[in-house]
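J.: I have a structure here, written as structure tokens, and I will follow up with some questions on it.
The values are calculated or read from the model by the stated rules, or taken from the named source; none is laboratory data. Keep in mind that what you see is a predicted model, and the values were worked out from it rather than measured. Here the Cβ positions follow ideal geometry from the backbone for every residue, glycine too, while neighbour counts run over all protein chains shown.
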Amino acid sequence: MASERSEILAGAAVVAVALGFLGYAANSAGLSRDSGGYALKASFRSVDGIAVGSDVRMAGLKIGRITELSLNPQTFFADATIVLPESIQLPEDSAILISSEGLLGGNFVEIVPGGALDVLAPGAEIEDTQGSVSLVTLLMKFVGNGGGGAGGDGADAGAQNN
């Protein structure tokens, strides 16, 4: 009888821990109930590394998330919708850009607040945007320019004179 009771208690503890982990995972992934807020729009040339649910950060802190991504057929840019809490009122001249956490880290959306006195209304568009930068493209430009520079010619000329 005592072993049955201990088995039931152990099973209940396992179920409680599993439910706790599920709740934590849902909250971290942004699947929890929406606590309100207002939507803003932005248009990017490229949104590589960003998906619905990606973090929106300001000063390194998560303040919102991406709720929608779509291709604008007129401009061929990616239109993004972000949701921010009501307590954060962005100045009209704020900028939004896609940043990277590092060489191996993921991308996130960063907001750089401006200094204007007027704030963006719900549904307004943030005009100052910067899309994601491809690390491969940057490396190819660096490698391509480094091989054909003046330093390479001078080294070859010095080798020929010896």
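J.: Quick test of your reading of the structure: S32 fulfils all but one of (1) modelled with pLDDT under 90; (2) hydroxyl-bearing (S, T, Y); (3) not in a loop (DSSP other than H, G, I, E, B). Name the failing condition by number.
T.: So the condition that S32 fails would be (3).
J.: Follow-up. Looking only at residues in region 54-74 that are over 17 Å from S132 (Cβ atoms) and not in a strand (DSSP E or B), which one is nearest to the chain's Cα centre (by Cα)?
T.: G60
J.: Against the definition (at negative phi and free of Cβ contacts under 8 Å to residues at least 12 places away in the same chain), how does S43 come out, yes or no?
T.: No.
J.: Determine whether L97 is loosely packed, with under 10 Cβ neighbours inside 10 Å, over 20 Å from G123 (Cβ atoms), hydrophobic (A, V, I, L, M, F, W, C) and assigned by TED's automatic domain parsing to the domain that holds E127.
T.: Taking the combined requirement at face value, the residue does not satisfy it.
J.: Taking region 40-52, which residues are within 19 Å of G123 (Cα to Cα) and within 9 Å of the chain's Cα centre (by Cα)?
T.: none
J.: Restricting to region 53-94, name every residue that is in contact with a strand residue (DSSP E or B) (Cβ under 8 Å, 6 or more places away or on another chain) and of a type in the set (S, T, N, Q).
T.: Of everything in region 53-94, those that are in contact with a strand residue (DSSP E or B) (Cβ under 8 Å, 6 or more places away or on another chain) and of a type in the set (S, T, N, Q) turn out to be S54, T67, S70, N72, T75, T81, Q89, S94.
J.: Where residues in region 75-86 are outside any strand (DSSP E or B) and of a type in the set (A, V, I, L, M, F, W, C), which of them is nearest to K41 (Cα to Cα)?
T.: So the residue we want is F77.
Every residue, every condition in (1) at pLDDT 70 or above; (2) surrounded by fewer than 16 Cβ atoms within 10 Å (Cβ to Cβ); (3) in contact with a Cys (Cβ under 9 Å, 6 or more places away or on another chain), yes or no:
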{"position": "F77", "(1), (2), (3)": "yes, no, no"}
{"position": "V83", "(1), (2), (3)": "yes, no, no"}
{"position": "I88", "(1), (2), (3)": "yes, yes, no"}
{"position": "M140", "(1), (2), (3)": "yes, yes, no"}
{"position": "G147", "(1), (2), (3)": "no, yes, no"}
{"position": "Q160", "(1), (2), (3)": "no, yes, no"}
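J.: Pick from region 87-145 the residues that are of a type in the set (V, I, T) and part of a loop (DSSP other than H, G, I, E, B): which of them is nearest to the chain's Cα centre (by Cα)?
T.: That would be V133.
J.: Read through the list (1) outside any helix (DSSP H, G or I); (2) of a type outside the set (D, E); (3) at pLDDT 85 or above, then give the number of the only condition that L19 fails.
T.: (1)
J.: Within the group A116, A51, A59, which residue is in contact with a Pro (Cβ under 6 Å, 6 or more places away or on another chain) and loosely packed, with under 15 Cβ neighbours inside 10 Å?
T.: A116
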